[in-house]
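The values are calculated or read from the model by the stated rules, or taken from the named source; none is laboratory data. This is a predicted model, so every value here is computed, not measured. Here the Cβ positions follow ideal geometry from the backbone for every residue, glycine too, while neighbour counts run over all protein chains shown. Side chains are part of the model used for accessible areas, which takes the heavy atoms of the whole protein and leaves out ligands, DNA and RNA. Shrake-Rupley method; radii C 1.70, N 1.55, O 1.52, S 1.80 Å.
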Amino acid sequence: MVKRFYTAKTKKQSQVNPFLALLVILVIATLVSNIIPSGTYDRLTVDGRMVVDPQSFRYVSKKYVGITDFFLSFYQGFNNAASLMAMLFFAGGAFGVVKRIGLLETAIKSLAHKLKNTSFYIIALILMLAIGTQVAFTSMWELSVVIIPMVVPLVLALGYDVVVGAGIVMLAACAGFGAAMTNPLFTAIAQKLAELPIYSALWYRAICFIVILMLCYFYLMRYAARIKKDPSRRILKDSECKYTAIQEEAVTFTPALIRAGIAFLAVFIFLLYGTVRMGFDFPQMAACFVAMTFATGLAYGSRLNDICDMMGEGMKDLFYAAMVMLFARAILYILEEAMVVDTIISFLSKLVVGKSSLLTANLLLIMQTIINFLIPSGSGQAAITIPIIVPLADMGHVTRQVACLASQFGDGFSNFIYPTNGSLIAILMVAGIPYKKWIRFFGPLFLIIMVACIIFVSIGVGIHLGPF
């Protein structure tokens, strides 16, 4: 008889709606926009892209925004973010099918069972490579909610604690998301707004991903070895653990899941090839996600009605992410209407321009890390900050590719430490790890990762990571 090894909490949790912070920021932006002087830069077309003339800033007659502009900004935000939101919804639909037919769950369980008699250090490495690579290509780190209840019982059976089990999943997801190779939620949006080829410099981010994943692996194994030797040093005591060791039989891929897996991989590989080699933009990427949805579902044997249901559920999973982009673009609309964006750029330029490009690039990294506390959404941040960061990078003689890389690092890794990120809190709840104890475990590693980010950004500056 298969025993249940995880019981979800049924008590309703009181959570702050993620829109509230952005609504407050939108109100503040409307008020502050009437205080900040209006100004503008001249923009020139150089090598087919728009760049700011750093010597051209000038103040203009103050332009005010009022209550009408505030309410109009919601529609304008939706209108300006429509293409980005569409891609997110279609991506959500595709991964909704993958998740709900059990393809991902079966893959993880099958891998875990086949490795159960292998050395724990090998198991942890293979699992972290598999999970991290999945996140590095799909950005779906929130799937940790599904994976943790599968991995933790396996790790408990091997004599380790829940922090090690959850750490395998979350640290791999952290490396994959922060150094993502094809993250549609930040990288694609940032590079699109920066007028870079989408997913350009993928090779460099792949190196960053492997190095940071290894840092996470060795950090976790050091903790695992310490508590194996002395269980009293565990961050989470056994009495606080809500999981039991896994006792499930082996799971196998059914013919339907094999067909679905082949269909998913075929479309996904074509998507990657198209974005890297064929210049796919958001319309083509969205089309691939739609094809992935129906190809995977039909290969599994699902009826069209069921596929549409799963697609809709998957879209719901990314509803908040897409709507955050609406708010982000609404904020940017207000700033643009009041003509204060260039004034803000001019002010920030005094902090970064005139310094070495090395210092400028790392200041951009720090700025994005701080901003992520206020706007815990990669897509939302990209929509707001990239139009500001790109001119700063241009004026500071930092390539746009390095600017996007610094922004991605600043957004990605801090998601795993900031309490303002709802996904992190939800995942910790599933794992049964209090936030304070997670900080005790992850805090030192976060500082190590940020040092690695500074090194990678600095190397990017040194090699003029491009194409521009």
field: At R0 = 45 Å, FRET efficiency that the Cβ-Cβ distance of Phe446 and Arg303 yields, to 0.05
entry: 0.45
query: What FRET efficiency would be calculated for the residue pair Phe74, Ile344, taking the C-beta separation as r and a Förster radius of 25 Å, to the nearest 0.05?
result: 0.70
- request: Could you please put Ile344, Ile386, Ile28, Ile67 in sequence from largest to smallest accessible area, using a 1.4 Å probe?
  value: Ile67, Ile28, Ile344, Ile386
message: What are the ³J(HN,Hα) couplings of region 162-172, residue after residue, when phi is run through the Karplus curve with 6.51, -1.76, 1.60 and θ = phi - 60°? Round to Hz, x for glycine and proline.
response: 5, 5, 5, x, 5, x, 4, 6, 6, 6, 5
query: In nanometres, what is the gap between the two model label sites at Gln284 and Asn34, each 7 Å from Cα along Cα-to-Cβ?
result: 4.7 nm
Listed residue pairs exceeding 30 Å between alpha carbons, taken from Lys228/Lys437; Lys114/Lys237; Lys192/Lys355; Lys237/Lys316; Lys114/Lys229: Lys237/Lys316
